[in-house]
Amino acid sequence: MAFDPELATRAWMATLNGAARAKSDAYFEGGYWLILWGALVAIAVDLVLLRFGWAAALSARVTRFTRRRGVQSWLFAIVYLLVTALMALPWTIYTRFFRERHYGLLNQDFAAWGSEQLLALTLSSLAVALLFTGIHAAIRRSPRGWWIGATAITIAGIAFFVAIAPLYVEPLFNKYVPLPDGPVRSAVLSMARANGVPADNVFLVDASRQTDRISANVAGLGGTTRIALNDNLMKQPADEIRAVMAHELGHYVLNHGPKMIIAFTLIVAVVFLVLSIALPWMLARFGPRWRVTSLDDPAILPIVSILVTIIGVLLTPATNTLIRTQEMEADRFGLNAARAPESFASIAMKLSQYRKIEPGPIEEALFFDHPSGHTRVLTAMRWKAEHLDQPDVR
Ligand SMILES: [Zn+2]
């Protein structure tokens with residue numbers, strides 16, 4: 001009897017059902033609403049700061065504190081970021097701690113989780129405040145054409161962060177060690193050599209400290225690029241690890257990192273262009289009530305935040321699709337390199353413990369930053385159907 005990829009996919013789908021499927025669907029579908037509610041929480045916090053004059057008061061304070069414009073912007077941003085994080089804390093604790101614990105996706109207790117959040121908040125506040133200082137300087141220098149300078153500063157900042165993160169940021173949260181000797185290491189390194197990926201560059205990360213999620217990733221840029229798999233993946237059968245690592249090598253070989261930087265440069269440019277038109281309008285319309293009337297004022301930050309939040313929600317389907325398209329390419333590359341379609345399908349099923357397995361096509365286009373389990377299994381089964389006569393295909 002001929003092998004039918006559709007039927008084979010249906011057979012795989014039937015292995016996830018009942019309570020387990022209901023749970024992963026509920027977790028993922030709840031995430032759709034979190035995008036909207038998260039944006040509303042952020043906007044509400046900004047509106048409180050503006051409406052009660054707290055942003056204007058903070059701006060007056062930092063202006064009295066120092067005459068240096070750059071320092072004013074930086075200080076305002078630091079205080080703003082810490083205050084807004086504090087105001088949104090109940091939301092953060094519910095969504096990132098209790099909700100994750102409820103679905104069994106977080107292994108940390110509150111103390112361990114909280115101290116990691118604090119470290120992340122400290123680092124991100126320092127970085128974002130620095131970014132705002134640069135953007136605000138560009139705004140003051142050129143009130144109309146600032147979006148070009150702001151784009152350059154933002155992309156340079158993102159590229160710098162992506163490049164240094166594997167060396168200086170990620171080790172603060174997890175331990176990365178070279179993948180130990182053994183069949184997995186030699187299989188991964190063999191695929192790496194076969195596909196022109198620097199061969200000593202595979203790391204193992206202790207992600208099980210935080211979660212049971214199976215994962216691997218390509219991080220860094222240029223010379224700092226590093227391929228890592230987590231210890232949850234390491235516990236899976238060897239062919240499934242090969243299938244995942246072949247996908248990760250695909251990101252490397254297909255230059256997904258640099259391509260994503262180019263794509264995000266365009267997106268960031270559009271966002272700042274919209275801001276350069278919308279900000280003066282917001283200031284004219286609401287500025288007098290909020291006591292923020294000039295682009296020079298650091299207190300424009302909460303207004304920028306409101307606009308960026310709204311644009312961010314509207315852009316979510318586009319950024320998801322951008323990333324999902326690369327993931328799909330890496331899936332196909334991985335199938336060709338690992339030649340283990342059943343193992344890839346098996347891993348796709350395991351990943352569906354936190355990703356809805358069979359969304360509708362529009363749902364997948366809007367909300368999925370990776371292909372759904374169904375799409376991945378079908379891709380693997382179609383690949384298998386075309387390689388049935390080849391003895392090395394497992
Ligand atoms: Zn990927």
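Points to keep in mind about this one:
- Residue check, residue 81 under 27 Å from residue 288 (Cβ atoms), hydrophobic (A, V, I, L, M, F, W, C) and assigned by the TED database to the domain that holds residue 357: yes
- Conditions (1) within 16 Å of the ligand (Cβ to nearest atom); (2) under 17 Å from the mean Cα position of the chain (by Cα); (3) more than 27 Å from residue 271 (Cα to Cα): number failed by residue 210: (1)
- Within region 293-309, the residues that satisfy the criterion of being touching a helix residue (DSSP H, G or I) at 6+ places or on another chain (Cβ under 6 Å) and closer than 15 Å to residue 77 by Cα are 295, 296, 297, 298, 299, 301, 302, 303, 305, 306.
- Single residue of region 341-378 satisfying the filter (farther than 14 Å from residue 8 by Cβ and among the aliphatic types (A, V, I, L, M)) that is modelled with the lowest pLDDT: 351
- Within region 197-232, the set of residues being touching a Leu at 6+ places or on another chain (Cβ under 7 Å) and either basic (Lys, Arg) or assigned by the TED database to the domain that holds residue 331 (or both) comprises just one member, 213.
- Check on residue 154, at pLDDT 95 or above, within 21 Å of residue 120 (Cα to Cα) and among the β-branched types (Val, Ile, Thr): yes
- Exactly one residue out of 118, 131 is part of a helix (DSSP H, G or I), modelled with pLDDT of 95 or more and farther than 28 Å from residue 270 by Cβ, and it is 118.
- Screening the candidates 314, 322 for the property of being surrounded by fewer than 20 Cβ atoms within 10 Å (Cβ to Cβ), within 16 Å of the ligand (Cβ to nearest atom) and under 17 Å from the mean Cα position of the chain (by Cα) yields one hit, 322.
- In this structure, residue 187 does not qualify as assigned to a helix (DSSP H, G or I) and within 16 Å of the ligand (Cβ to nearest atom).
- Once region 277-309 is narrowed to residues that are among the hydroxyl-bearing types (Ser, Thr, Tyr) and touching a residue at least 12 places away in the same chain (Cβ under 8 Å), the residue that is surrounded by the most Cβ atoms within 10 Å (Cβ to Cβ) is 305.
- Taken as a whole, the condition of being of a type in the set (Lys, Arg) and either within 17 Å of the chain's Cα centre (by Cα) or away from the ligand (no atom under 16 Å from the Cβ) (or both) does not apply to residue 350.
- Considering residues of region 369-387 that are within 15 Å of residue 331 (Cα to Cα) and not in a helix (DSSP H, G or I) only, the residue farthest from the ligand (Cβ to nearest atom): 372
- Selection status of residue 104, surrounded by fewer than 18 Cβ atoms within 10 Å (Cβ to Cβ), among the small types (Gly, Ala, Ser) and at pLDDT below 95: yes
- All conditions in (1) within 23 Å of residue 35 (Cβ to Cβ); (2) touching a helix residue (DSSP H, G or I) at 6+ places or on another chain (Cβ under 9 Å); (3) of a type outside the set (S, T, N, Q) hold for residue 86, with the sole exception of (2).
- Number of residues in region 226-244 that are in contact (Cβ under 8 Å) with a residue 40 or more places away in the chain and either away from the ligand (no atom under 11 Å from the Cβ) or over 20 Å from the mean Cα position of the chain (by Cα) (or both): the value is 12.
- Residue check for residue 90: at negative phi and under 20 Å from the mean Cα position of the chain (by Cα): no
- Residue list for region 216-225, restricted to those being more than 12 Å from the ligand (Cβ to nearest atom) and of a type in the set (Gly, Ala, Ser): 220, 222, 223
- Of all residues making up region 245-268, the number that are more than 14 Å from the ligand (Cβ to nearest atom) and either within 23 Å of residue 355 (Cα to Cα) or not assigned by the TED database to the domain that holds residue 114 (or both): 0
The values are calculated or read from the model by the stated rules, or taken from the named source; none is laboratory data. From a predicted model like this one, the values you see are computed outputs, not experimental measurements. Positions of Cβ are backbone-derived with ideal geometry, glycine not excepted, and every protein chain shown enters the neighbour counts.
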